[in-house]
Amino acid sequence: MLRNASPRPVRRTVSMTDVAALAQVSQKTVSRVVNGEPYVREEVRQRVQDAIKELDFRPNAAARSLVTRRTRRIGVVALGTTFHGPMSALAALESVARADGYSLSVHRTESTDRDEIQSAVDTLLNEGVEGVVLSEPKQLEAPPLQVRADVAVLTLGALGLTAREDELVVGTDEESGGRLATEHLLALGHRTVHHLAGPQAWVSSRLRQQGWTSALREHGAEIPEAVTGDWTPRSGFEAMTQLLTTTTPTAVFVANDQMAIGAMSAIARQGLTVPGDISIVGFDDIDVTEFLPTPLTTLRQEFTHAAHRGMNALIRTIDGDAPQDVPDLVPLSFVNRSTTASPTPAGTTDNR
């Protein structure tokens, strides 16, 4: 038992009356400022906001929603959040929502089952969200997801997941990224480019592979069979080991950086070097790639930019602005570091 412990001071709840007194305005004016209503002079609005900050006034969200009939809550169904891209996008969504006075309700799932995703959407709708964000790393089974017409919808990816004509679709141009990686290696003189692909259930994996295939086809190069991994370094190691048992490639485009790191380890295990024997291009530009013993050439996805653009568009839609009409793809950046080079004379004939 603690003895002689002084009682913990109780923080008195700051009321709207306190804010009104400090700002020298009426409680009605404070209410208008808190609820974002018009018809408040900018000088008065600033005075009230200064008083709110000084007193650390925290409006009761439930009471405010009764007045405004708005929850200022956005629901997110997040798939694949253990991976770099979805995690980066979710952090950006939270940042934009918070800055605009919205809260997020997040449901995480790794499932591709359409009914399970629909159940998550329905749960969010029952919570009274004003908008729904769907991450789209995986292709869902038909039919499209159903979201009430009075709730704005944003899909982060290249494809919409609902049948709504007003659905916002914002993502990164992953197909062009696969094309850029492949064309870079072909321009260095490699006769063809092999591919370590991501899991085929993921839309992003298929888009990157489509970019690789189309670039090879347009250049009249052989299209080797892709070897599939699961985004992890171990799967990259195993996929490259498998590839090296049947051929000695001079150039490999890898579906993400983590698999590329594993692939480089497998190449070293075989006594080969990067880029001396095999050139490697990754995808994502995760933080560690710049600091590898041989810094990785890769494609930088602007996850944060795409998520910011998408969330800003969603909030504009919720606030009454017209939604965008077409998918909005953010371009990628090619990051040329140290893992690609022209093939050696001996290697120009064995990339089969």
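Things to note:
- Those strands (runs of 3 or more DSSP E) lying entirely in region 271-352 with at least 1 residues modelled with pLDDT of 95 or more: 279-281, 298-300, 333-335
- Qualifying positions in region 70-95 - open to solvent by less than 40 Å² (accessible area, probe 1.4 Å), more than 13 Å from the chain's Cα centre (by Cα) and not small (G, A, S): I74
- Residue within region 259-273 that is closer than 27 Å to L161 by Cβ, of a type outside the set (K, R) and touching a Ser or Thr at 6+ places or on another chain (Cβ under 7 Å) present: yes
- Within region 161-178, residues that are within 11 Å of V330 (Cβ to Cβ) and in a helix (DSSP H, G or I) have Cβ atoms under 6 Å from residues that are β-branched (V, I, T) and open to solvent by 50 Å² or more (accessible area, probe 1.4 Å) in no pair, counting only partners at least 6 apart in sequence or on another chain.
Per-residue answers, yes or no, for (1) of a type in the set (D, E); (2) surrounded by 16 or more Cβ atoms within 10 Å (Cβ to Cβ):
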{"position": "L145", "(1), (2)": "no, yes"}
{"position": "D150", "(1), (2)": "yes, no"}
{"position": "V169", "(1), (2)": "no, yes"}
{"position": "E175", "(1), (2)": "yes, yes"}
{"position": "Q200", "(1), (2)": "no, no"}
{"position": "V203", "(1), (2)": "no, yes"}
{"position": "T213", "(1), (2)": "no, yes"}
{"position": "E218", "(1), (2)": "yes, no"}
{"position": "E225", "(1), (2)": "yes, no"}
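- Residue satisfying all of: in region 42-64; outside any helix (DSSP H, G or I) and exposed (fewer than 14 other Cβ atoms within 10 Å of the Cβ); modelled with the lowest pLDDT among these: N60
- For region 89-116, the candidate set comprises residues that are modelled with pLDDT of 80 or more and of a type in the set (S, T, N, Q); within that set, the residue that is farthest from L156 (Cα to Cα) is S103.
- Within region 215-246, the set of residues being over 10 Å from A263 (Cβ atoms), in contact with a Gly (Cβ under 8 Å, 6 or more places away or on another chain) and not aromatic (F, W, Y) comprises A215, T228, D230, T232, R234.
- Residue in region 1-41 that is modelled with the lowest pLDDT, counting only those that are among the hydroxyl-bearing types (S, T, Y), closer than 16 Å to K53 by Cα and outside any helix (DSSP H, G or I): T13
- Boolean, V67 is open to solvent by 50 Å² or more (accessible area, probe 1.4 Å) and either farther than 22 Å from D284 by Cβ or modelled with pLDDT of 85 or more (or both): yes
- Single residue of L244, L292, L207, L272 found to be aliphatic (A, V, I, L, M), out of contact with any helix residue (DSSP H, G or I) (no Cβ under 6 Å at 6 or more places or on another chain) and under 22 Å from L332 (Cβ atoms): L292
- On the stretch given as region 273-294, residues that are surrounded by 15 or more Cβ atoms within 10 Å (Cβ to Cβ) and under 16 Å from A251 (Cα atoms) total 10.
- Restricting region 240-254 to residues that are of a type in the set (A, V, I, L, M, F, W, C) and within 10 Å of V227 (Cα to Cα), the residue that is surrounded by the most Cβ atoms within 10 Å (Cβ to Cβ): V254
The values are calculated or read from the model by the stated rules, or taken from the named source; none is laboratory data. Predicted, not measured: the structure shown is a model, and the values here were computed from it. Quick reminder, even Gly has a Cβ in these numbers, built from the backbone with ideal geometry, and neighbours come from all protein chains shown. Protein only, heavy atoms only, side chains kept; ligands, DNA and RNA dropped before computing areas. Shrake-Rupley method; radii C 1.70, N 1.55, O 1.52, S 1.80 Å.
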